[in-house]
There are 2 protein chains.
Amino acid sequence: MTTDERQTLEQRCINTIRMLAVDGVERAQSGHPGMPMGAAAMASVLWQDFLRHHPANPAWLDRDRFVLSAGHGSMLLYALLHLTGYDVSLDDLKNFRQWGSCTPGHPEYGHTPGVETTTGPLGQGFATGVGMAIAAAHKAARFNRPGYNLVDHYIYAIVGDGDLMEGVSQEAASLAGTLKLGRLIYLYDDNHISIEGSTDLAFTEDRAARFRACGWQVLEVSDGNDTAAVAAAIAVARNDERPSLIALRTRIGFGSPHKQDCASAHGEPLGADEVRLTRECLGWPADRDFVVPDDVAAQFLRARERGAAAEREWDDKLAAYRRDHPDLAREWDELHDPDAVSRIAEELPVFPPDEKGMATRAASGKVLNALAPRLAGLMGGSADLAPSNKTLIDGEADFSAADYTGRNLRFGVREHAMAAALNGMALHGGLIPYGGTFLVFSDYMKPAIRLAAMMGLRVIYVFTHDSIGLGEDGPTHQPVEHLAALRAVPNLRVFRPADANETAAAWKAAMERAAGPTAMALTRQNVPTIDINLEALRAGVARGGYVIADGDGDGDPEVILIGTGSEVAIVLEAARLLAADGVRTRVVSMPCRELFAAQERGYRDAVLPPAVTCRVAVEAGATMGWERFTGSGGAVVGIDRFGASAPYQELYRRFGFTPAAVAERARGLLRTN
Amino acid sequence: MTTDERQTLEQRCINTIRMLAVDGVERAQSGHPGMPMGAAAMASVLWQDFLRHHPANPAWLDRDRFVLSAGHGSMLLYALLHLTGYDVSLDDLKNFRQWGSCTPGHPEYGHTPGVETTTGPLGQGFATGVGMAIAAAHKAARFNRPGYNLVDHYIYAIVGDGDLMEGVSQEAASLAGTLKLGRLIYLYDDNHISIEGSTDLAFTEDRAARFRACGWQVLEVSDGNDTAAVAAAIAVARNDERPSLIALRTRIGFGSPHKQDCASAHGEPLGADEVRLTRECLGWPADRDFVVPDDVAAQFLRARERGAAAEREWDDKLAAYRRDHPDLAREWDELHDPDAVSRIAEELPVFPPDEKGMATRAASGKVLNALAPRLAGLMGGSADLAPSNKTLIDGEADFSAADYTGRNLRFGVREHAMAAALNGMALHGGLIPYGGTFLVFSDYMKPAIRLAAMMGLRVIYVFTHDSIGLGEDGPTHQPVEHLAALRAVPNLRVFRPADANETAAAWKAAMERAAGPTAMALTRQNVPTIDINLEALRAGVARGGYVIADGDGDGDPEVILIGTGSEVAIVLEAARLLAADGVRTRVVSMPCRELFAAQERGYRDAVLPPAVTCRVAVEAGATMGWERFTGSGGAVVGIDRFGASAPYQELYRRFGFTPAAVAERARGLLRTN
């Protein structure tokens, strides 16, 4: 093949991507054609000349990761997946954005082979990639040995203006720079256009200087369609110890005579006339959509052979590694063993009954430290609150640029990037990431928590200081609505354990849950360690709620008191007051409301007999949602206002979280029901 | 006074601040002494030599604003407020962090005179100050005339490492740089320490270079205790068109022999022994706390005279302005007239009944444009989604560095900074700020929304694309849990209007509400404009919920269907199906659940008669919280999973939001109830 022919083929490869995107959006009459048209060249170069992946096995452990942070350009990714031989057909492209297709509006992890993470909410892909790079650096440091680079891949992303404007990307960039994550290579699709118009409207900062300030190598390519320049920049990026941002000047809607460089190319179909003109402009067959020339198809499909060869080579390397480094190989296997968590039950610490007790955050720290030696993949940290969140693994090194083997992460005051990075770590495989901050600051993390839930990732959030019980720091630090807000997130489980043993059981449940994230809500203040049969407690926590104490006598109780977390001790005391009055009272601890709600009716009715309508739920948080469990005849003792700054005992008194107030509420119900 | 004496006095002023902070924390046995000890010198210089304020009138319009973004250092601010003569007594300082005191753990706006904004959650003060600077620049451009600088003040802040690590501050910094907000002067307390230890652990970026990249002037002061250098830097900052960051190298816990430069100085009392040593080290009287030397008191109190003189001068200027610029003065008065909103009812557009109808986001845009000419303070924009959010005021200029008179703001893809800036604009006074994005991205804004609610600010959020009804963009863009999450926030009102006229009424309610923020949840898709008496509709929306259609016949209905937003039309149709079966059905539109819940029982029971237990609530969002209105015997048609990518009509069918499905649900209840 001559250079001319090759260039022609190269150009046609690029135009194939462009026109598949245009046609997909046009067929759906919905979507974002402009970004794929502008970024097709860089994507083609990256996927053909650099990306090490195996389309027939998207799960190959040592593949490069590709993140389309500008997720609205999803047709770019779907086109690449189709062309390089993933299980994404041309018909799938034609079903873009339709019910049941594997080509939804934005890329969804777990939904489409080859999609490494769900993107669309801007900045998330950027920060998630940083988590992937953390995971890769950590595993490389732990497992690679001379001649055996088991972990030897890059994290690539295409990021757009929106990604760089979002604060989460700055947090992640600063962290990546500090950690010198040299395997990160981000292509910045610098097209000067956002939805409202020119980026000059709102985004005039010197992006290159900002990233350099954060410790990144910044490379600039003045024409994003210059494939040689793109390739040269990527090659330079691969050989640097710093993370790299390659800023490529591109043209949104490239090839569309009337929409190139226009905001109107961003988020709507080009329209039939403009599609025709674009075909003409790009030298594409007229009046045919979803065209893939044979030589283009063959060219892209070479990714399959390259991938198969690369994976075979890696398999051989792993086999030799098993022979020469058997101990490390065992650890490697353990890391990737989905059943590893099933062996943790026996490691859980047992806390003896104790009236003084301990804060559940303290118990959480002890559980974490008991599990860490046995769970090779447990790795995490805090957003600069480790001493408060009790998230440090004792005796473990910090994960730092100087030592990537450490499992203690230092995220800095960057809750949002932390949450996104945890997603990336979980996606990378083998790791069970956790991250801590105060519960109130879950607000900062919410967009990334949502994606963890959507992707079904095993991520654990260690949220301490979980109510007004944190006391003097006051309303800015006291969560009120946060339990409700988190419980409303589909596929997220929120545990608010009542004492040290419930905390251990909650950790167990979180570990054993492979299909989604778990948030722990833990106290700052001490709570008694309750005297209860441990087996019953663990079984009960695993079902989200259970009878923790029951009044004497047969048949249904007269009153049911439901509590969570630190309020369970209050409710138990209230039950004693009621018992003294001769009221048969049941106490239900409900550490995970949504898990309890998911139990079969028989269990739920056994815990909360429908005939017992006198029910009081007690939780130092917003009342929203408790009516589902108390019913119309019940009452909720909660807090639907912001808290206050004072010692917590005073706050509990002032806001009515006392045994006497709860008992009085129950008596009131008994009088009227 | 000789220079030596002055220096001695100056030093003692600074040490007074330090020791008041130490003593306040020690007395409370809770708090953050280290930051005030390190930042006392810069604060003293700023408050004595530069800050133009009037302690006897904290509401003076042309005062400089001071924001303590590092809000955990609240004792620094309380000491300054006390010393300069605000209504904060020495006893108040002694009651730091106690129930009912005006000196809570973190500064709270509206709670303590002189506190300009609530801070504590890091980054918020930084970004809120940018909103204040936007407001100041806008008002200056609109009202200042040669010789009459009515708006002529600075926005100062002290920001810490945590503030700079948070992504929201980067968003705000980039925006401030683009807008060239030269009245912003931020003192960066660069103390090299965060809670987990040295900032080297996680924060090694070149902060100065980053801010320069964002268009800021950066000044560096190598010794934050060098008062002359601090003063010189502030003077330079005041004379630059760019926002300024003054990085001052400080020592956390300065003066404490064992805790200076240690993370342990950050968030806990020094302890009695260390307090004693600190007093010794700073040359302070031993064994006495809360010491304010007489000459120090007199020196700080001069702020009152200075402030009174400055305000008098400004009053004179305003009087002359009224004479020479009567039209502008009228506009000025209108801007600051709390009753201005009461005159908007007649401006509201009226939408005739229309089966095709329009999207409520479109109606919102029309309402906004009807109100903008009559409400001088209405000002806002979108986080790069103006064409979708319909947030542009037609014919109004952009607020830009070239023209600060415009009321259309371009926030860029920076939802979080937008929300915080809206707070700052509202705090600055006179403006009614609004900001738009997709409802799902309210997640990015939540920490700032929470503060708006806590501070009771009139801020309006224009959240469009409010459900799976946005269709093809898919689950990443489809809110599910967001209505529940926002409704759980104390003092926030969420309106989800059913049609164009309800949208107008919701805007009216939002405008008329001075004591807190309102979130609008608006459709992307068209909804019918319902045929109903307009007066009844407006009265009903103002109460949060009302009977929008009632079955024929006397007495209670057999079934009540409750809907919000786009589901009201579905529910009305379902009622027709039920009526055809002879079922007497009431339809309740409940655009604001929390407002309805706040009505007196009589009204609520009239709308939802307790005897009618067959109730179905229908909303394309999480079901959480609806049981409060449906009761134990009712049902909720909602969505407790993530959505999907497809045309919205198909999604509505698949997820059961159809008249037939709703009617069937009601029939099922009738059978079993």
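For the criterion of being exposed (fewer than 14 other Cβ atoms within 10 Å of the Cβ), outside the structural domain of B:PRO257 (by TED's automatic domain parsing) and under 30 Å from B:PHE438 (Cβ atoms), B:GLY395 passes. If you filter region B:63-102 down to residues that are charged (D, E, K, R) and either open to solvent by 30 Å² or more (accessible area, probe 1.4 Å) or within 23 Å of A:GLU650 (Cα to Cα) (or both), you find that the one that is nearest to the other protein chains (Cβ to nearest Cβ) is B:ARG97. The residue that is nearest to the other protein chains (Cβ to nearest Cβ), among those in region B:23-39 that are closer than 13 Å to B:HIS106 by Cβ, in contact with a His (Cβ under 9 Å, 6 or more places away or on another chain) and assigned to a loop (DSSP other than H, G, I, E, B), is B:GLY31. Just one of the listed residues (B:ALA39, B:ALA127, B:ALA79, B:ALA43) is within 30 Å of B:LEU378 (Cβ to Cβ) and among the hydrophobic types (A, V, I, L, M, F, W, C), namely B:ALA127. Restricting region B:193-219 to residues that are in contact with a Leu (Cβ under 7 Å, 6 or more places away or on another chain) and open to solvent by 20 Å² or more (accessible area, probe 1.4 Å), the residue that is nearest to the other protein chains (Cβ to nearest Cβ) is B:ILE195. Mind checking which residues of region B:384-432 are assigned to a loop (DSSP other than H, G, I, E, B), in contact with a Gly (Cβ under 7 Å, 6 or more places away or on another chain) and farther than 19 Å from B:MET132 by Cβ? Passing the criteria: B:ASP384, B:LEU385, B:LYS390, B:THR391, B:GLU396, B:ALA397, B:VAL413. Residues that are open to solvent by less than 40 Å² (accessible area, probe 1.4 Å) and in a helix (DSSP H, G or I) within region A:262-280 comprise A:ALA263, A:ALA265, A:GLU274, A:VAL275, A:THR278, A:ARG279, listed in sequence order.
Scanning region A:548-580 for residues that are within 15 Å of A:ASN501 (Cα to Cα), out of contact with any Pro (no Cβ under 6 Å at 6 or more places or on another chain) and among the hydrophobic types (A, V, I, L, M, F, W, C) returns A:ILE548, A:VAL568.
Residue-wise test of (1) surrounded by fewer than 23 Cβ atoms within 10 Å (Cβ to Cβ); (2) in contact with a strand residue (DSSP E or B) (Cβ under 8 Å, 6 or more places away or on another chain); (3) within 16 Å of A:ARG212 (Cα to Cα).
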residue	(1), (2), (3)
A:ARG145	yes, no, no
A:TYR148	yes, no, no
A:ASP152	yes, no, no
A:ILE155	no, yes, no
A:GLY160	no, yes, no
A:GLU171	no, no, yes
A:SER174	no, no, yes
A:TYR186	no, yes, yes
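Residues being part of a helix (DSSP H, G or I), at pLDDT 95 or above, of a type outside the set (A, V, I, L, M) and under 30 Å from B:SER30 (Cβ atoms) are entirely absent from region A:536-555. Residues in region B:609-633 that are touching a residue at least 60 places away in the same chain (Cβ under 8 Å) and in contact with a helix residue (DSSP H, G or I) (Cβ under 7 Å, 6 or more places away or on another chain): B:GLU619, B:ALA620, B:GLY621, B:ALA622, B:MET624, B:GLY625. Regarding A:LEU81, is this residue touching a Leu at 6+ places or on another chain (Cβ under 9 Å), part of a helix (DSSP H, G or I) and not basic (Lys, Arg)? Considered against the rule, which asks whether it is touching a Leu at 6+ places or on another chain (Cβ under 9 Å), part of a helix (DSSP H, G or I) and not basic (Lys, Arg), A:LEU81 comes out as no.
Evaluation of A:ASN673 against the conditions (1) farther than 23 Å from A:VAL494 by Cα; (2) modelled with pLDDT of 95 or more shows that the sole unmet condition is (2). Within region A:573-590, one or more residues are touching a helix residue (DSSP H, G or I) at 6+ places or on another chain (Cβ under 6 Å), of a type outside the set (D, E, K, R), buried (at least 22 other Cβ atoms within 10 Å of the Cβ) and assigned to a helix (DSSP H, G or I). What is the one condition in (1) in contact with a helix residue (DSSP H, G or I) (Cβ under 7 Å, 6 or more places away or on another chain); (2) in a helix (DSSP H, G or I) that B:ALA320 does not satisfy? Condition (1) is where B:ALA320 drops out.
Every residue, every condition in (1) within 29 Å of B:TRP99 (Cα to Cα); (2) open to solvent by 10 Å² or more (accessible area, probe 1.4 Å); (3) assigned to a helix (DSSP H, G or I), yes or no:
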{"position": "A:VAL616", "(1), (2), (3)": "yes, no, no"}
{"position": "A:MET624", "(1), (2), (3)": "yes, yes, no"}
{"position": "A:ARG628", "(1), (2), (3)": "no, yes, yes"}
{"position": "A:GLY633", "(1), (2), (3)": "no, yes, no"}
{"position": "A:VAL636", "(1), (2), (3)": "yes, yes, no"}
{"position": "A:PHE642", "(1), (2), (3)": "yes, yes, no"}
{"position": "A:GLY656", "(1), (2), (3)": "yes, yes, no"}
{"position": "A:ALA660", "(1), (2), (3)": "yes, yes, yes"}
{"position": "A:LEU670", "(1), (2), (3)": "no, yes, yes"}
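The number of residues in region B:282-304 being exposed (fewer than 13 other Cβ atoms within 10 Å of the Cβ) and either assigned to a helix (DSSP H, G or I) or not assigned by TED's automatic domain parsing to the domain that holds B:PRO257 (or both) comes to 3.
Suppose we filter A:ARG641, A:ARG671 for residues that are under 21 Å from A:LEU470 (Cα atoms) and either touching a residue at least 40 places away in the same chain (Cβ under 8 Å) or out of contact with any Cys (no Cβ under 9 Å at 6 or more places or on another chain) (or both); which single one remains? Just a single option satisfies the conditions, and that option is A:ARG641. Being in contact with a Phe, Trp or Tyr (Cβ under 7 Å, 6 or more places away or on another chain) and of a type outside the set (Lys, Arg) is a property that A:LEU93 has. Within region A:319-341, the set of residues being surrounded by fewer than 16 Cβ atoms within 10 Å (Cβ to Cβ) and out of contact with any strand residue (DSSP E or B) (no Cβ under 8 Å at 6 or more places or on another chain) comprises A:ALA319, A:ARG322, A:ARG323, A:PRO326, A:ASP327, A:ARG330, A:GLU331, A:ASP333, A:HIS336, A:ASP337, A:PRO338, A:ASP339.
The values are calculated or read from the model by the stated rules, or taken from the named source; none is laboratory data. What you see is a predicted model; the values in this text were computed from it and never measured. No Cβ is skipped: glycine too gets one built from the backbone with ideal geometry, and neighbour counts run over all protein chains shown. To get the accessible areas, we keep the full protein, side chains included, count just its heavy atoms, and leave off ligands, DNA and RNA. Shrake-Rupley method; radii C 1.70, N 1.55, O 1.52, S 1.80 Å.
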